[in-house]
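Below is one structure, written out as structure tokens; comments come after it.
The values are calculated or read from the model by the stated rules, or taken from the named source; none is laboratory data. Computed from a predicted structure; not experimentally measured. Positions of Cβ are generated from backbone atoms using ideal geometry, with glycine treated the same way; all protein chains shown enter the neighbour counts. In case anyone asks, the SASA skips ligands and DNA or RNA and just uses the protein heavy atoms, side chains included. Shrake-Rupley method; radii C 1.70, N 1.55, O 1.52, S 1.80 Å.
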Amino acid sequence: MKVWFNPSKAIESALSTIATETEGFGLGFEPGVRPADPRFGDYQANGVLGFAKRNKANPRQLAQRLLEAAQASDSFDPALVELSLAGPGFINFKLTSAFIWQWQLAFSKVEDFQSGAKELKHGRKVVIDYPSANTAKQAHIGHLRPMVIGQAIARLLDFCGADLIRDNHIGDWGTNFGTLIMKIKRDQIDLSQLGEDALVTLDQLYKDGSALEVEQPELRDISRNELVLLQNGDASNTALWDQIVEISKVAFEKLFVQMGVEVDITLGESFYRDKVQRIYDELSEIGLAEESDGALVVWHDEVKKFARNNERPFPFNIRKKDGASNYASTDLATVLYRLEAFQAEEIVYLTDARQQDHFQQLFLTTEKWFKAKGYAKPQMSHVYWGTILGADKKPFKTKSGESIKLQELLDEARKRAFDVVTEKNPDLDKAERVEIAESVGIGALKYADLSSNRTQDYVFSWERLLSFEGNTAPYLLYAVARINSIFRKVGVDPEAPIEGASQAETEAELALARKIMGFVTALELTLSDLRPHFLCTYLYELAGAYSSFYNADKVMVDDDAVKARRLLLCARTRTVLMTGLDLLGIKPLERM
RNA sequence: GCACCCGUAGCUCAAUUGGAUAGAGCGCCUGACUACGAAUCAGGAGGUUGGGGGUUCAAGUCCCUCCGGGUGUACCA
């Protein structure tokens, strides 16, 4: 028997096979293998319980039979895995230290982990729609989560073998352009003369324009007309639009560099302007879309909240009554384009939780439409998140009630981190402290956003985020820095093979070695639901196991054999921590 | 009105998607630097998982019902 990269999966599959040849088992049996409470073992199979219940059998006897069959098979070498029966019919699996040692030998470098992880997505064509910010607006705190969560998920998909396209689906074709152009023309603004803070000015012009529309509602018709002119290719409006988009892109690029956001293509809503007609035609042709109140809409009567006879009807509006396209039209055109141009097998959308209705309608519409036309429907998923709250549990704002600018947030994170580094490590020269503050500050900000379950709101607190205690980026970075420090002192390259090492012996060594293996499960779990906090929790536990080991067992000892086996644990921990941090978009440090 | 989400220790969050005695951090209390970096570690106190009912061998997790909070409700994106 060879050690398995992913024991959970391997045990599951072995038990399934064995069960088919074991009396009392049959169709519908799933072993149900999952990580177990360490008191009982490394993994447990609890599928026998449910199966026995459904078939009115004695679960304990059935589990006993399966366990004996497993032991008799050649799938479980007793020198590597110990099996036992417990409680009402749990089967527990404990990996021996020999197994763990062989696993450590078999999987040492990032490439080794990745070669195993690649099976999770095996070259699947995935388009991830992120960070998809709006143009003509300054980025604020609301843009933090799409950038942070998006890049973490993108890196994870890439690492796990997806053939990935990061598509920045910018909002460059919306109704807001009507208002903005109206205001620009009214004030006769020359966009080329705005200088460095051009986006700030645009942002203000839009706000002023909207305020003006409230005061003078007749201006709305002018704005609407400017939008229609733009959408019909009017030369002067198109020229203005080009300038606005360019100003926005320059500003976003500056943030992307700071945030570590990578984008493969930028195909905004405007790219689909000549592709929406086909959507109207096809959806009408197959009888899915129909006129309602002058607009073209799709009803989903089978879903209660979208049904047409509701008190407040809520159709999927794909063309406004003035004939203009909208969010829905371009999103539909985008799905089709991603299928035809990229052969997308999977599309991942990232937006906040408030857009769930839109995506439910989009997915339902696509499903019916693609089925009628015989198109291959990609798997579509909506990765959404909650709001960042202040201490008062209301959306996080400045004291005066303004939204916090993303740039200001980043600058404050750096400044606060710099102050702490200076306090903890005053001897480092300033340039290095600045570099450390960059990684620690931005990393802490990102980690705070990633470490709690994304579907929930979370409370933002500088104090907790940068207190550097508990489940935070600095705690993980500190663990890496301490490992690096040991390798510097010993004079060994942490990336090089370590000679003379042997299997883990002490309690702390074994606990750490086991925890290192947990990376596989953590990746799988994170990927299954695209929830980065699973990976964060794992990395925190790994760093914790390392810290315990560090305090309990000294690495730099005279006994070369002991030193070698501990150095090997340090090297493996370092590799996994650095790989994990990299997946989260956080830059590990040599010193901090 | 209708739909969806949430309620877990004083505070901030977990709980491998129905598994065994609900776990961390902060804060509080007790210890560990002549030891590889104390931004650390070891330990302690702290819970009727909003209330009630139900399904199940097994419920924080599923169903019903109340209470409390949030979000969405076509021509913004």
Can you find a residue in segment A:277-296 that is basic (Lys, Arg), within 30 Å of the chain's Cα centre (by Cα) and away from RNA strand B (no atom under 16 Å from the Cβ)? no
For segment A:158-181, name all the residues that are open to solvent by 10 Å² or more (accessible area, probe 1.4 Å), within 15 Å of RNA strand B (Cβ to nearest atom) and of a type in the set (A, V, I, L, M, F, W, C). A:170, A:173
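Condition check ((1) more than 16 Å from RNA strand B (Cβ to nearest atom); (2) open to solvent by 40 Å² or more (accessible area, probe 1.4 Å); (3) not acidic (Asp, Glu)) across all residues:
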site: A:2; (1), (2), (3): yes, yes, yes
site: A:40; (1), (2), (3): no, yes, yes
site: A:49; (1), (2), (3): no, yes, yes
site: A:104; (1), (2), (3): yes, no, yes
In this structure, does residue A:502 turn out to be in contact (Cβ under 8 Å) with a residue 40 or more places away in the chain and more than 11 Å from RNA strand B (Cβ to nearest atom)? yes
Before we move on, is residue A:362 modelled with pLDDT of 95 or more, outside the structural domain of residue A:203 (by TED's automatic domain parsing) and under 30 Å from residue A:138 (Cβ atoms)? no
I need a count of the residues in segment A:249-263 that are under 20 Å from the mean Cα position of the chain (by Cα) and surrounded by fewer than 13 Cβ atoms within 10 Å (Cβ to Cβ). 1
Take the residues of segment A:539-592 that are within 32 Å of the chain's Cα centre (by Cα) and part of a loop (DSSP other than H, G, I, E, B): which is nearest to residue A:106 (Cα to Cα)? A:588
Taking segment A:322-348 on its own, how many of its residues are β-branched (Val, Ile, Thr) and closer than 20 Å to residue A:176 by Cα? 1
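Yes or no, residue by residue, for (1) over 37 Å from the mean Cα position of the chain (by Cα); (2) among the aromatic types (Phe, Trp, Tyr); (3) at pLDDT below 95:
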residue: A:32; (1), (2), (3): no, no, yes
residue: A:39; (1), (2), (3): no, no, yes
residue: A:87; (1), (2), (3): yes, no, yes
residue: A:91; (1), (2), (3): no, no, no
residue: A:103; (1), (2), (3): no, yes, no
residue: A:119; (1), (2), (3): no, no, yes
Out of A:220, A:155, report the one residue that is out of contact with any Pro (no Cβ under 9 Å at 6 or more places or on another chain) and either open to solvent by less than 20 Å² (accessible area, probe 1.4 Å) or over 24 Å from residue A:255 (Cβ atoms) (or both). A:220
Considering only segment A:323-332, I want to know if a residue exists there that is in the same structural domain as residue A:225 (by TED's automatic domain parsing), under 30 Å from residue A:124 (Cα atoms), in contact with an Asp or Glu (Cβ under 7 Å, 6 or more places away or on another chain) and within 14 Å of RNA strand B (Cβ to nearest atom). yes
Taking the criterion of being outside any helix (DSSP H, G or I) and over 23 Å from residue A:10 (Cα atoms), would at least one residue in segment A:86-96 satisfy it? yes
Hey, any hits in segment A:390-400 for a residue that's open to solvent by 20 Å² or more (accessible area, probe 1.4 Å), free of Cβ contacts under 8 Å to residues at least 40 places away in the same chain, under 30 Å from residue A:526 (Cα atoms) and not assigned by TED's automatic domain parsing to the domain that holds residue A:258? yes
If a residue must be buried (at least 21 other Cβ atoms within 10 Å of the Cβ) and either touching a Lys or Arg at 6+ places or on another chain (Cβ under 9 Å) or without any contact (Cβ under 8 Å) to a residue 24 or more places away in the chain (or both), how many such residues does segment A:577-592 contain? 7
Return the pairs, sorted by first residue and then second, in which the second residue is open to solvent by less than 40 Å² (accessible area, probe 1.4 Å) and assigned to a helix (DSSP H, G or I), the first residue lies in segment A:404-422 and is more than 15 Å from residue A:139 (Cα to Cα) and free of Cβ contacts under 8 Å to residues at least 24 places away in the same chain, the beta carbons are less than 7 Å apart, and the residues are 6+ apart or on different chains. A:418/A:433; A:418/A:437; A:422/A:433
Of all residues in segment A:198-242 being under 15 Å from residue A:170 (Cβ atoms) and of a type outside the set (A, V, I, L, M), the one that is nearest to RNA strand B (Cβ to nearest atom): A:241
Whether any residue in segment A:132-144 is charged (D, E, K, R), within 16 Å of RNA strand B (Cβ to nearest atom) and within 30 Å of residue A:179 (Cβ to Cβ) is what I want to check. yes
Over segment A:478-490, the set of residues more than 6 Å from RNA strand B (Cβ to nearest atom) and either of a type outside the set (D, E, K, R) or buried (at least 19 other Cβ atoms within 10 Å of the Cβ) (or both) is A:479, A:480, A:483, A:484, A:487, A:490
Look at segment A:113-145 and say how many of its residues are part of a helix (DSSP H, G or I), closer than 30 Å to residue A:198 by Cβ and open to solvent by less than 10 Å² (accessible area, probe 1.4 Å). 2
Kindly list the number of the only condition in (1) modelled with pLDDT of 95 or more; (2) more than 26 Å from residue A:121 (Cβ to Cβ); (3) in a helix (DSSP H, G or I); (4) more than 6 Å from RNA strand B (Cβ to nearest atom) that fails for residue A:493. (3)
Need the failing condition index for residue A:432 against (1) outside any strand (DSSP E or B); (2) away from RNA strand B (no atom under 16 Å from the Cβ), just the number. (2)
Mind checking which residues of segment A:69-85 are open to solvent by 30 Å² or more (accessible area, probe 1.4 Å) and farther than 18 Å from residue A:16 by Cβ? A:77, A:78, A:79, A:82, A:84, A:85
Only one of (1) near RNA strand B (Cβ under 8 Å from one of its atoms); (2) open to solvent by 30 Å² or more (accessible area, probe 1.4 Å); (3) among the β-branched types (Val, Ile, Thr); (4) farther than 30 Å from residue A:395 by Cβ fails for residue A:455. Which number is that? (4)
Counting just the residues of segment A:337-364 that are outside any loop (DSSP other than H, G, I, E, B), under 20 Å from the mean Cα position of the chain (by Cα) and among the aliphatic types (A, V, I, L, M), which one comes out nearest to RNA strand B (Cβ to nearest atom)? A:353
